[in-house]
Amino acid sequence: MIRKYQCEERKLIQIENQESPFLFYINPDESEKRYLVDTLKFDEHTLNSALDPDELSRLEFEPEHFAIIYKRPRNYSAEDQFLFKVSSVGAFIFKDKLIVVLNEEIPLLDGIMFSKSPTPIFLFLRLIYRSIFHFLEHLKIISQIADELQDKINSAMENRHLLNLFTLEKSLVYYLNSINSNGVLIEKLRANATKIGLTVEEQELLDDIYIENNQCYRQAEILSNVLSGLMDARASIVSNNLNVLMKTLNIITIAIMVPTFVVSAFSMNVSIPLERHPLAFWMILGMALMSVLGFILFWRYKRW
């Protein structure tokens with residue numbers, strides 16, 4: 001599927017049946033891939049890499065354009081079960097147009113405004129800038145979910161919450177790898193700024209992107225270290241909660257067994273004391289209650 005855009009009123013507007021400097025190929029079919037490879041001279045391996053969610057970010061120079069693959073977070077779905085995934089986006093930049101290839105429809109242009117009609121390279125820089133903020137937004141969500149899971153782990157004995165926390169930690173590993181991969185790409189872009197032909201404004205934007213990506217990486221690293229460092233403590237909390245429950249059940253069981261023993265001793269079919277006493281029932285009941293009270297006092301004395 002192809003989507004065409006042009007800049008109107010400081011933002012990109014989708015257009016139909018017109019020449020456009022900004023083309024977005026969303027999960028292209030075979031005929032669209034053949035057009036990109038045969039007509040626009042895309043490297044077929046690079047094109048397939050742009051559709052591979054596990055591909056690392058990179059920069060490649062071709063005779064008529066240069067190709068960039070960068071990472072961005074995927075939109076979270078409840079079906080993912082607390083697993084935040086990443087995806088790859090391919091940007092093929094010509095002198096007069098930008099072609100973006102991605103494997104799913106995602107809102108790449110949301111919230112992007114321009115003071116003037118952007119050049120292809122400037123639009124790409126804004127896309128990767130938006131990707132960094134998308135990572136930051138997901139990190140905030142992961143932090144909030146982790147706090148909620150911690151509260152549930154402190155008061156529950158189910159492994160489900162602990163497994164969800166492990167899934168979040170796994171997501172942060174993916175995010176760290178992707179953000180670091182984007183960082184390598186940004187450094188290559190800065191090193192090749194002259195070859196790419198960046199203007200002063202675009203170089204300043206690239207410097208801002210470099211700083212924001214480093215801060216994003218540090219924030220993800222700190223959050224990952226916090227979750228990893230406290231994972232053993234949370235597992236111990238679950239185990240301790242189970243021990244407390246078992247202790248409570250043992251107290252209840254023993255407390256029931258003591259008076260049961262007293263009553264059972266006086267219900268045997270043999271001669272026993274008090275068998276002919278008119279208050280035997282109440283006396284036996286009192287002895288049972290006294291045994292419970294004695295057990296409670298003994299438990300408190302031992303501080304079990």
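Read the figures in this text as sums done on the coordinates, not as results from a lab. Keep in mind it's a predicted model, so treat the numbers as computed, not measured. Positions of Cβ are backbone-derived with ideal geometry, glycine not excepted, and every protein chain shown enters the neighbour counts.
Values for this structure:
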item: Helical mean residue ellipticity (222 nm; -39500 (n - 2.57) per DSSP H run of 4+; nearest 500) of the chain; result: -20500 deg cm²/dmol
item: Dipole magnitude (debye, nearest 20) for the chain, charges at Cβ of Lys, Arg, Asp, Glu; result: 1700
item: Gain in span if fully extended, residue 215 to residue 38, counting 0.36 nm per residue against the direct Cα distance; result: 59.7 nm
item: Candidate lysines - alpha carbon under 17 Å from residue 11, same-chain residues fewer than 8 apart omitted; result: 97, 116
item: Fluctuation leader among 250, 75, 182 - the chain, Gaussian network, Cα springs under 10 angstrom; result: 250
item: Ranked packing of 87-94, 277-284, most packed first, by mean Cβ within 10 Å; result: 87-94, 277-284
item: Gaussian network model of the chain, springs between alpha carbon atoms under 10 Å - residue of 167, 199, 39 with greatest fluctuation; result: 39
item: Residue with peak Gaussian network fluctuation, the chain [Cα springs, cutoff 10 Å], from 169, 32, 212; result: 32
item: Lysines whose Cα lies under 29 Å from that of residue 170, excluding same-chain neighbours fewer than 8 positions away; result: 71, 85, 140, 152, 188
item: C-alpha center-to-center spacing [the range 1-68, the range 70-111] in angstrom; result: 12
item: Set of lysines near residue 247 by C-alpha distance (under 16 Å), chain-local residues within fewer than 8 positions excluded; result: 302
item: Estimated FRET transfer efficiency when R0 is 22 angstrom, pair residue 62-residue 1 (beta carbons, to 0.05); result: 0.35
